[in-house]
Structure formats: structure tokens, C-alpha cells
1. Report, to the nearest 10°, how far helix 18-34 tilts away from the longest principal axis of the Cα atoms in the chain, using its own Cα long axis and a range of 0 to 90°.
2. Return 178, 67 ranked ascending by Cβ neighbour count within 10 Å, so the fewest neighbours appear first.
3. Within the set of other residues whose C-beta is less than 11 Å from the C-beta of residue 283, count the net charge using Lys and Arg as +1 and Asp and Glu as -1.
4. In nm, give the distance between the simple-model label positions of residue 262 and residue 177, each being 7 Å from the Cα along the Cα-to-Cβ direction.
5. Step through the residues of the stretch 38-47 one at a time and calculate ³J(HN,Hα) from phi using the Karplus curve (6.51 cos²θ - 1.76 cosθ + 1.60, θ = phi - 60°), rounding each to whole Hz and writing x for Gly and Pro.
6. Rounded to whole Hz and in sequence order, give me ³J(HN,Hα) for the stretch 102-118 from the Karplus expression 6.51 cos²θ - 1.76 cosθ + 1.60, θ = phi - 60°, writing x for Gly and Pro.
7. How much net charge surrounds residue 46 when only other residues with a Cβ under 13 Å from its Cβ are counted (Lys, Arg +1; Asp, Glu -1)?
8. Note the angle between two axes, namely the Cα long axis of helix 295-312 and the longest principal axis of the Cα atoms of the chain, as a number of degrees from 0 to 90, rounded to the nearest 10.
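What follows is calculated from the coordinates using simple rules that are stated; it is not laboratory data. From a predicted model like this one, the values you see are computed outputs, not experimental measurements. Cβ atoms come from the backbone with ideal geometry, glycine included; neighbour counts cover every protein chain shown.
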Amino acid sequence: MKILTISDIQAIITTLGFEDFLRRLVKTLETDFHRWPDFQKSARQATHFAHGVIELMPCSDQEYYTFKYVNGHPENTDHGKLNVVAIGQLSSVATGYPLMISDMTLLTALRTAATGGLAAKYLARDNSQSLAIIGNGAQSEFQTIVLAHLFPIREVRYYDTDYKAMVKFATNLAGSAFALKPCLNVAEAIHGADMIVTATAAKKKQCLFTLDQLAPGTYIQGIGGDCPGKTELSRELMMNAKVVVEHTLQSIVEGDIQQCSAADIYAELWQLVCEIKAGRENNTEITVFDSVGFALEDFSILTMIYGLANELQLGTDFELLPELDNPKDLYGLLRS
């Protein structure tokens, strides 16, 4: 079985180059969403605690079974720990044997941003040039880089209640092709923006901005509302926008759409990819990708990283499981 550490993942991305890696990832996601019916899918199993949530996220086709263990503890950052950490496993469906265990902390951020980029291809205006990032935590740079790679972004406005997060964001993206503009509040950041990403961590109901603050044709990528009772966008906005989700049964419990009903969802992302439903239909409609993160996205990046690790001969092979001459004689391991 192959073990991939964060160092192995860094080496894979460095070897390919960040832009090539992102390009492959968006393509892999698009391919997998296009074959949506091939997968066995379910909403994640979430266990909630006073300090956060721990989740298991399974998905499989007829070749591979994957699952991710992931947490969400917003107060962790006050104590020098990550809000989100994750570990993933990829197994053979034919034998049930695990093929790989991988760190997924970095991979989760990458697949979240790439899925948003895929949705934006269908829901944002092609000529989008201004991007607002509300919440400058661990996800913010990834979201910005992917969207700037796919669209002609000239200006990125950013705001966070934590000034240190804004400094971190600006430092990491210094020297980018687009201009960076720090803002004093949400209203300043979103004013006239073509695209808005909301990526706040607070586990509470919020209304970061109202419908009347948006320019016609704005695309909103909401990734912070991802559990029951946690929202970023208003009910009025959700009711008056074209809303696309990943998996209705999960999104209606966890997303900003939890304030509404399943009938208020325009489409699931796979329906846009498969051209069953149209994406953006004019330059004035408000569109929302209400993203909570779905296990198919983990499947995509785990299978992709497994192939790359084998191709580049990275990772470590461990004999973690018993190897027996007689597979019926498990007790023989103790007898010896």
C-alpha cells in the first residue's frame, strides 16, 4: 500500500508545476461530474461537537472506493492549529484492499477551489475581470489562483475581519498579474464585482451582503456555509438567484440553500456539465454556486494523485496488511 505524505504531494505539484496540476484537476473533475450516474454517492456522515465537526465522506465507482476523514474546528487557529485537516484512502473495489492512504489537507483546498472553478465556467461571465474575496483564511489563495487562471481577472479586492489574514493573503499573492486591493469592509470589496467568493469560517448564520448590493450579472461562489446552522448568504438572495449545488440531499442540510427548499435549487453541477440544463443564460442574472464540498471531488483528486504518484515514483510503499501463504490461516500470524 502506498503512503503519501504532505511532502510527497508538494513534490508532485512542484514536478508538474502548479498551473499544470490545476489544469489537470479541473479536467479530472469535469470528467467525473460528466459520469455522475456511474458513482455510488451519499451525503457525508457528520458528527457534531461543541468545538467543531468530524466527517466521513465516501464515494465509489466500479473500480475504486474512496473516503475522506475531515474535520472543521474554527477555533483551532486561535491555538496554532489548522481549522481543517484531512486524510483520504483509496481502495480497490475488486478486492477491497486499500491501495493508498494520503494526507488530504492540501488536496481538500485544491479540489474545493478547482470545483469552484469548474462551476464558474458555467455560471460566471466569460469576461469577468474583478473578483472579491470575503474571508482570507486558508482557502482564499487557492480560490483566487484558480479563478484568475480561468478568467481575465485584473483586480482582486479582499476583506477579512482579521487584519493578519489580509496581510497573509497579500503576501502570498504579491507579484501576481492582477492588482490586489485591501478593503475596509464587505460592501467596499463587493461593489461592482463580477465575481464574489465567500469563504468565512465562523459557525453561525450570517448575511454578508444583500441582493441590492450586487451588480447585475454577479457570480457568487459560496464555500463557507457548509454545515447546519452556518450560512453566509441571505434567504432573499438565494430565492432570487440561479442556485447550483453539488448534491441536493447534502446541500439542503448544509449549504446556504438550507434557508430555502430543494425546489429553489436550479440544478446540480453535473447537470450543467452534461448540458442537461443551461448554465448562465444572460449577462444580468445573479448566479450562485452553493458549494459544501462533496465526496466525488475527493474521489477525483485521490485517483488523480494516485496515478501521478505511481507515474513519478513518489510516496512510500508499506506492508501494512498481513501477507499469508494460506489466507484462511490468520491465527498463524500469532503462532509464529
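1. 80 degrees
2. Ascending number of Cβ neighbours within 10 Å: 178, 67.
3. Here the charged neighbours net out to -2.
4. 4.2 nm
5. 6, 9, 8, 10, 7, 5, 5, 8, 10, 10
6. 9, 4, 10, 5, 6, 5, 5, 5, 5, 6, 5, 5, 5, 5, x, x, 4
7. It works out to a net charge of +1.
8. 60 degrees
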